Amino acid sequence: MSRTSTEERPRVDVVGTRADGRAALYEATFRSLQAEPKELPAVWLYDERGSRLYEEITRLPAYYLPRRESEVLRARAQEIARRTKATTLAELGAGSANNTRVLLDALGAAGALERFVPLDVSGKTLQASAETIAAAYPRIAVQAIVGDFEHDLGLLPRGGRRLIAFLGSTIGNLYPDQRARLLGALADELSPGDSLLIGIDLVKDSARLEEAYNDPGGVTEAFVRNALTAANRELEATFDQRQFAYVARWDPANEWMDIGFHARETHTVSVRQLGLELEFEEAEPLRVEISSKFRRERFEREVARAGLAVASWWTDRAGDFAVALVLPTSTRSRTRFHRPREQSAARS
Ligand SMILES: C[S@@+](CC[C@H](N)C(=O)[O-])C[C@H]1O[C@@H](n2cnc3c(N)ncnc32)[C@H](O)[C@@H]1O
């Protein structure tokens, strides 16, 4: 696709019907709220207000992740451009695509880049960032997809050499079985010449990790509380913010940050749209998000199980964050995965 005018607005493809997306999200939420521990899926975090709060988080001094990732990308972008020779840069969970600009600059300078395809569940944020990128990079086409990377990979345009970026440590928000399905689906999606670039936060001192999710100004808490507000609005739920204390703790057994709430006292929450009455015991957790932290060996193992290989592993100078360039292997020994559209919508 080539742009005919710099005034042209970016094309925003809306994937699926509203009813489809909604039904899958409601089903996932119905299951998660009855799981052990109870969980409100993290996708509820990213309405318009949530996406704005996330932007604020990325500027917090203790939230080192975006700055560390940017350091790695700035150091390696030219090499990435040289090695991938990408004609399409696609980005899963693109959000405001701030760090992506480093890649767009390097790929643009290398001369092969024709198209940027950001994909995100948050339609308004995506539209805004697609327009900003389209204005800043008039030589490339911007084709945004409002969709769910767990189900909609098949909608990424094919052809040319594609670099699929998955930045911001978003992969850490998925459970191991979800990661295995997504990496498997990506392996199915990649053609020879395509590549993946994944931003990964690394295991480190637990005090630093907990500080990153417990800022003194309460921006992260407001972001997580916004999921309750969104559920109250969309699901006619009765989560009472005063009944839930914010908790973000390091779980050393699973090597993830466990982010959500503890009920302050025994009480009931109804979720009318889902026909649920939820009993909370005093101190019972309600999880909203995990943020897994990785070690190189574990990440390489997970990637290999999907039939992919880590071709390069780059970290920032402090060793806080890694960016991995991942390629399809010629011999794929893993079990074939279903196409993304056929997978179950729910978290397990
Ligand atoms: C941690 S933020 C990272 C944003 C951006 N990549 C960055 O590095 O600043 C996660 C992003 O993924 C999006 N997201 C979360 N779950 C998603 C899903 N299942 N499908 C598509 N986008 C998703 C959110 O809307 C949000 O923009």
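Note on region 54-75: residues that are open to solvent by 10 Å² or more (accessible area, probe 1.4 Å), within 11 Å of the ligand (Cβ to nearest atom) and either touching a helix residue (DSSP H, G or I) at 6+ places or on another chain (Cβ under 7 Å) or modelled with pLDDT under 95 (or both) amount to 4.
Selection within region 102-123: residues that are more than 9 Å from the ligand (Cβ to nearest atom) and of a type in the set (Gly, Ala, Ser). The member of this set that is nearest to the chain's Cα centre (by Cα) is Gly123.
Could you run through region 254-289 and say how many residues are closer than 15 Å to Ala35 by Cβ, touching a residue at least 60 places away in the same chain (Cβ under 8 Å) and surrounded by fewer than 21 Cβ atoms within 10 Å (Cβ to Cβ)? The number of residues fulfilling the criteria is 6. Of the residues in region 310-329, at least one is modelled with pLDDT under 95, assigned to a loop (DSSP other than H, G, I, E, B) and more than 20 Å from the chain's Cα centre (by Cα).
With respect to the conditions (1) within 16 Å of the ligand (Cβ to nearest atom); (2) touching a helix residue (DSSP H, G or I) at 6+ places or on another chain (Cβ under 8 Å); (3) of a type outside the set (A, V, I, L, M, F, W, C), Gln78 falls short on a single one, namely (1).
The condition of being part of a loop (DSSP other than H, G, I, E, B) and within 23 Å of the chain's Cα centre (by Cα) holds for only one of Asn254, Asn226, that being Asn254.
Just to be sure, is Leu126 farther than 27 Å from Leu60 by Cβ and either away from the ligand (no atom under 16 Å from the Cβ) or open to solvent by less than 40 Å² (accessible area, probe 1.4 Å) (or both)?
no
Within region 82-100, restricting attention to residues that are away from the ligand (no atom under 11 Å from the Cβ) and surrounded by fewer than 23 Cβ atoms within 10 Å (Cβ to Cβ), the residue that is nearest to the chain's Cα centre (by Cα) is Thr87.
Taking the stated definitions as given, is Leu235 open to solvent by less than 10 Å² (accessible area, probe 1.4 Å) and over 21 Å from the mean Cα position of the chain (by Cα)? Yes: the conditions hold for Leu235. When the residues of region 152-188 are filtered to those that are within 10 Å of the ligand (Cβ to nearest atom) and not in a helix (DSSP H, G or I), the one that is modelled with the lowest pLDDT is Asp152. Within region 128-151, the set of residues being more than 21 Å from the chain's Cα centre (by Cα), assigned to a loop (DSSP other than H, G, I, E, B) and not charged (D, E, K, R) comprises Tyr137, Pro138, Ile140. Of all residues in region 144-166, those that are β-branched (Val, Ile, Thr) and open to solvent by less than 10 Å² (accessible area, probe 1.4 Å) have Cβ atoms under 9 Å from Cβ atoms of residues that are within 14 Å of the ligand (Cβ to nearest atom) and in a loop (DSSP other than H, G, I, E, B), 6 or more apart or on another chain, in Ile145/Val15; Ile145/Asp152; Ile145/Leu156; Ile164/Leu156.
The values are calculated or read from the model by the stated rules, or taken from the named source; none is laboratory data. No experiment lies behind these values; they were computed from the predicted model shown. Glycine gets a Cβ as well: all are built from the backbone with ideal geometry, and neighbour counts include every protein chain shown. Side chains included, ligands, DNA and RNA excluded: accessible areas come from the protein's heavy atoms. Shrake-Rupley method; radii C 1.70, N 1.55, O 1.52, S 1.80 Å.
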